[in-house]
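To start, the structure itself, in structure tokens.
The values are calculated or read from the model by the stated rules, or taken from the named source; none is laboratory data. Keep in mind that what you see is a predicted model, and the values were worked out from it rather than measured. Every residue, glycine among them, receives a Cβ derived from its backbone with ideal geometry; neighbour counts consider all protein chains shown.
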Amino acid sequence: MRIAILDDYQGVALGLADWDSLHAEVHVFRDAFENEEAVVAALSEYEVVVAMRERTPFPSSTLGRLPRLKLLVTTGPVNAAIDLDAASGAGITVCGTGYFGYPTVELTWALILSAARLIPQQVDSVRRGGWQEGLGTSLRGATLGVLGLGRLGTAVAEIGRAFGMRTIAWSRNLTPADAQAKGAEHVSQDELFARSDVLSIHVVLSERTRGLVGERELGLMKPTAILVNTSRGPVVDEAALIGALTEKRIASAALDVFDREPLPADHPLRTLPNAVVTPHIGYVSRDLYEVFYRDAVEDIAAWSVGTPVRTLS
């Protein structure tokens, strides 16, 4: 059995689980594939592939060109980048692993605090031999807007209240009663953007949410507002956001997700002084990676002997 572990950027996969127990040939790919041709060329000889979240897409066109592939394991319980119908039609079993969301919640607050207190600028100043630069802003009494008050959005809101922030929320299916039960005030979509001092995005990417935050919505925001996105890049119109940051129509953006990942080396978000940018590390923590890779090994072992696995649906 030949196993490919994909997108192990940090080179940690082999040390976080007992891959030797599988008695298989295991190969690690650390770099992202440039395109579909590169995926097919690299993986054509593998029976098992372990994908890290949605870093490498597996549409029907790719799956149809991997005739040896029999098991596709994704870290986490869902993966929108895998065409499950095409996999089923090709006789490929797709399964997932355990998951927990608190690392993303923690990173969301790291980004909020970094943007509010200008931490990247201050760190850079000290390293250059300087001292204080600019004036940050405190959060007590400010309004936290949560776009999507689900599991992660609710956890982010709870921490906001601990900072003494007022919490408002909107999403298409959120009701006033649901918002109140979670300690937030239900507002309209326009009011969410207009009132928020910090706006944090926590919606699942779908056709309904793609481009949900566009030129119009950004135009409703305060010039002192901070936009935070740890959900998915395409929820925000990237070109509109770059324009708003360049023209200082909002104060800053703190982003962990992007339209294209890894972010191209010449991308303007890498150099805008009012953008706090991290490389999609919301879920990248040692304890969660241990769950991912441990469960992936268990899935492969179970599949190899015909035992049921954590299939995706």
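Exactly one residue out of L212, L245, L218, L227 is closer than 18 Å to T104 by Cα, touching a residue at least 12 places away in the same chain (Cβ under 8 Å) and in the same structural domain as P273 (by TED's automatic domain parsing): that is L227. The single residue among L118, L174, L111, L149 that is on the phi > 0 side of the Ramachandran plot and in the same structural domain as P273 (by TED's automatic domain parsing) turns out to be L118. Within region 244-261, identify whether any single residue is touching a Phe, Trp or Tyr at 6+ places or on another chain (Cβ under 9 Å), buried (at least 19 other Cβ atoms within 10 Å of the Cβ) and in a loop (DSSP other than H, G, I, E, B), and answer yes or no. Within region 244-261 (the criterion being touching a Phe, Trp or Tyr at 6+ places or on another chain (Cβ under 9 Å), buried (at least 19 other Cβ atoms within 10 Å of the Cβ) and in a loop (DSSP other than H, G, I, E, B)), the answer is no, since none of the residues qualifies. Counting the residues of region 1-43 that are acidic (D, E), more than 22 Å from the chain's Cα centre (by Cα) and in a helix (DSSP H, G or I) gives 2. The sole residue among T271, T311, T246, T307 that is among the polar types (S, T, N, Q), at pLDDT below 95 and more than 24 Å from A80 (Cβ to Cβ) is T307. Does region 279-298 hold any residues that are under 24 Å from L118 (Cβ atoms) and surrounded by fewer than 17 Cβ atoms within 10 Å (Cβ to Cβ), and which are they? P279, I281 - these are the residues of region 279-298 that are under 24 Å from L118 (Cβ atoms) and surrounded by fewer than 17 Cβ atoms within 10 Å (Cβ to Cβ).
Residue-by-condition table, conditions (1) aromatic (F, W, Y); (2) part of a helix (DSSP H, G or I); (3) out of contact with any Asp or Glu (no Cβ under 7 Å at 6 or more places or on another chain); (4) without any contact (Cβ under 8 Å) to a residue 60 or more places away in the chain:
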{"site": "E45", "(1), (2), (3), (4)": "no, no, yes, yes"}
{"site": "E54", "(1), (2), (3), (4)": "no, no, yes, yes"}
{"site": "P103", "(1), (2), (3), (4)": "no, yes, yes, no"}
{"site": "S114", "(1), (2), (3), (4)": "no, yes, yes, no"}
{"site": "P120", "(1), (2), (3), (4)": "no, yes, yes, no"}
{"site": "V123", "(1), (2), (3), (4)": "no, yes, yes, yes"}
